[in-house]
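This report concerns only the one structure given below.
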Amino acid sequence: MIRSYSPSRLRGLTILNIGQNHRITGGSDRYFFDLAQMLEAEDNTVVPFAAQHPENLHSKWEAYFPRGADFQSISPLNLARFLHSPEAAQRLATLISRVGPQLAHLHIYYGKLTSSILKVLKSNSIPAVQTLHEYKLICPVYTLNSNGENCQKCSVGHYAPSILGRCNQGSLARSMLSAVEASISVRAGAVTIPDRFIAVSEFVRQRAIEGGIPSSKISVLHNFTFPDRLRPTVNEGSYFVYYGRIERLKGIFTLLRAAEAAGVKLVIVGVGKASEEVAEYVAAGGLGERVSLFPFLSGEALGDIVRGAICTVVPSEWYETFGLTVIESFCYGRPVIASKIGGMTEIIDEGSDGFLFAPGDERDLADKLRFLDKNRSVAVRMGVRARAKAERRFSPEKHFEGLSRIYNEIL
């Protein structure tokens, strides 16, 4: 049964929250859950739809979750599930008949739920928005990066460059599969069926337009966090911190070399494809006295490490769509040194709440590390301004205001 809702405050809606994961593996998953909490706090009902996984967080709706492709097992069945999932379409249709949603909010659904779900939304006349957490509609490997080099050769429906460049892990077979899946998704309505795309930064919006998505369908709304949940500090820190995925594209080796050149202490928190390589680099260079490695941490364990830092460093060398780490660090009262690339340039005010450096330029980064290490009181003052910005620009209230406008435009 369709519920009535109040457009002025966006209350009383039943909203499908659709993404492939019902667990946190990255920033888009965190947004998936934060969005649900924010909407439910405003008296909306949020119903998740995701793929089955043994590590999923419990949901009363999990009986409707379909099986997804197993990315670790290459078999005909998994290849078929990766391209098209009749089970996902059928289970979504059943869920829709049960809850009567008025809106669907899509995240990263391809791969496990697949574009098979899109026509189910259309046939049930359910308006849909999709948050663009990455670049998948215009880049089959999601990152606008080909074997370590930033690249913008592909566009909507034109994915041959990704095959020629072997963009998926240097593999021709994987690259062909990614391009085929992207083409199938476009034909299934990946661009035409969603009523609105939400770009998490102006940078993402511009890349999407250049890649063939109509500008009239794209709104910009920065991500948000919960400042009230992240306790800030005004104490001086004693080291620099990086936390996130440990991957080469994240600029982790540029950071290691810069920290060594600057003679500063560094704490690295996280896991990823380059974790073992980083550990070997630290050991081979005799850097154990200055570089501390931690696995994935969250909650107060992570908060304590960030609050103990002089500054957070985000040295990415790919086109970061936004930078949740940046606004989280702001909430902790810590400034951020980040690469001058992607959406992060829209968050940091140079010299006020952080610094930007040329991507991959370890000398530039080392200079900024050295400056803040020698001027820790300056870092504290920058952190105070950073916290104020987080409260002013990246709060749930600010995000809800912008999201309400977008939802109301398509309802």
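The values are calculated or read from the model by the stated rules, or taken from the named source; none is laboratory data. This is a predicted model, so every value here is computed, not measured. Cβ sites come from the backbone with ideal geometry, for glycine too, and all protein chains shown count toward neighbours.
Condition check ((1) farther than 29 Å from PHE203 by Cβ; (2) touching a residue at least 60 places away in the same chain (Cβ under 8 Å)) across all residues:
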residue	(1), (2)
GLY26	no, yes
LEU77	yes, no
PRO86	yes, no
VAL99	yes, yes
LYS112	no, yes
LYS136	no, no
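For the stretch 292-345, a residue qualifies if it is among the charged types (D, E, K, R) and out of contact with any strand residue (DSSP E or B) (no Cβ under 9 Å at 6 or more places or on another chain), and the qualifying residues are GLU300, ASP304, ARG307.
Residue pairs whose Cβ atoms lie under 9 Å apart, separated by 6 or more positions or on different chains, with the first residue in the stretch 324-344 and among the polar types (S, T, N, Q) and the second modelled with pLDDT under 95, are THR325/GLY27; THR325/GLY244.
Quick grid of which residues meet (1) within 21 Å of the chain's Cα centre (by Cα); (2) closer than 24 Å to ILE18 by Cα:
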residue	(1), (2)
GLY165	no, no
MET176	no, no
ALA179	no, yes
VAL186	no, yes
ASN223	yes, yes
ARG231	no, no
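Could you tell me whether the stretch 93-113 includes any residue that is in a loop (DSSP other than H, G, I, E, B), in contact with an Asp or Glu (Cβ under 8 Å, 6 or more places away or on another chain), of a type in the set (Ser, Thr, Tyr) and not assigned by TED's automatic domain parsing to the domain that holds GLY299? Looking through the stretch 93-113, at least one residue is in a loop (DSSP other than H, G, I, E, B), in contact with an Asp or Glu (Cβ under 8 Å, 6 or more places away or on another chain), of a type in the set (Ser, Thr, Tyr) and not assigned by TED's automatic domain parsing to the domain that holds GLY299.
Looking across ALA258, ALA199, one residue alone is under 16 Å from ALA128 (Cα atoms), buried (at least 18 other Cβ atoms within 10 Å of the Cβ) and in contact (Cβ under 8 Å) with a residue 12 or more places away in the chain. It is ALA199.
Count, please, the residues in the stretch 165-184 that happen to be touching a residue at least 40 places away in the same chain (Cβ under 8 Å) and surrounded by fewer than 16 Cβ atoms within 10 Å (Cβ to Cβ).
Adding up the residues that qualify gives 0.
Only one of the numbered conditions (1) over 16 Å from the mean Cα position of the chain (by Cα); (2) without any contact (Cβ under 8 Å) to a residue 40 or more places away in the chain is not met by LYS119, and that is (2). If you filter the stretch 284-309 down to residues that are under 21 Å from the mean Cα position of the chain (by Cα) and assigned to a loop (DSSP other than H, G, I, E, B), you find that the one that is farthest from ARG205 (Cα to Cα) is PRO295.
Kindly indicate the residue of the stretch 376-411 that is among the acidic types (Asp, Glu) and exposed (fewer than 14 other Cβ atoms within 10 Å of the Cβ) and also farthest from LEU106 (Cα to Cα) among those meeting that condition.
First, the residues of the stretch 376-411 that are among the acidic types (Asp, Glu): 391, 397, 401, 409.
Going one step further and asking which of them are exposed (fewer than 14 other Cβ atoms within 10 Å of the Cβ), we end up with 397, 401, 409.
Values: GLU397: 21, GLU401: 19, GLU409: 16 Å.
Per the criteria, the residue is GLU397.
Only one of the listed residues (LEU302, LEU297) is surrounded by fewer than 19 Cβ atoms within 10 Å (Cβ to Cβ) and of a type in the set (A, V, I, L, M, F, W, C). That residue is LEU297.
As for the stretch 224-247, it holds at least one residue that is farther than 30 Å from ARG381 by Cα and either at pLDDT 95 or above or buried (at least 18 other Cβ atoms within 10 Å of the Cβ) (or both).
Going by what's in this entry, would ARG166 be described as charged (D, E, K, R), on the phi > 0 side of the Ramachandran plot and not assigned by TED's automatic domain parsing to the domain that holds GLN37? So ARG166 passes the test. What number of residues within the stretch 20-43 satisfy the criterion of being in a loop (DSSP other than H, G, I, E, B) and over 17 Å from GLN102 (Cα atoms)? Within the stretch 20-43, residues that are in a loop (DSSP other than H, G, I, E, B) and over 17 Å from GLN102 (Cα atoms) number 7.
Looking only at residues of the stretch 319-345 that are closer than 24 Å to ARG381 by Cβ and of a type in the set (Ser, Thr, Tyr), we find that the one that is nearest to the chain's Cα centre (by Cα) is THR325.
Quick test for you: out of LEU35, LEU79, LEU92, pick the one residue that is closer than 19 Å to TYR110 by Cβ and modelled with pLDDT under 95. Steps first, answer last, please.
On the way: LEU35 fails: modelled with pLDDT under 95; LEU92 fails: modelled with pLDDT under 95.
Every option except LEU79 fails the conditions.
The condition of being under 18 Å from THR254 (Cβ atoms) and either assigned by TED's automatic domain parsing to the domain that holds ALA386 or touching a Gly at 6+ places or on another chain (Cβ under 7 Å) (or both) holds for only one of ARG290, ARG307, that being ARG290. If only residues of the stretch 1-32 that are at pLDDT 95 or above and of a type in the set (Val, Ile, Thr) are counted, the one that is surrounded by the fewest Cβ atoms within 10 Å (Cβ to Cβ) is THR14.
From the list LEU83, LEU95, LEU57, LEU103, pick out the single residue that is over 29 Å from LEU403 (Cα atoms) and among the aliphatic types (A, V, I, L, M). So that I can check it myself, show each step before the final result.
On the way: LEU95 fails: over 29 Å from LEU403 (Cα atoms); LEU57 fails: over 29 Å from LEU403 (Cα atoms); LEU103 fails: over 29 Å from LEU403 (Cα atoms).
After ruling out the rest, the residue left standing is LEU83.
Just one of the listed residues (PRO315, PRO295) is in the same structural domain as ALA366 (by TED's automatic domain parsing) and either among the basic types (Lys, Arg) or over 30 Å from CYS151 (Cα atoms) (or both), and it is PRO295. For the stretch 56-70, indicate whether the set of residues that are in contact (Cβ under 8 Å) with a residue 40 or more places away in the chain, crowded, with 19+ Cβ neighbours inside 10 Å and within 26 Å of GLY323 (Cβ to Cβ) is non-empty. The answer is no; no qualifying residue exists.
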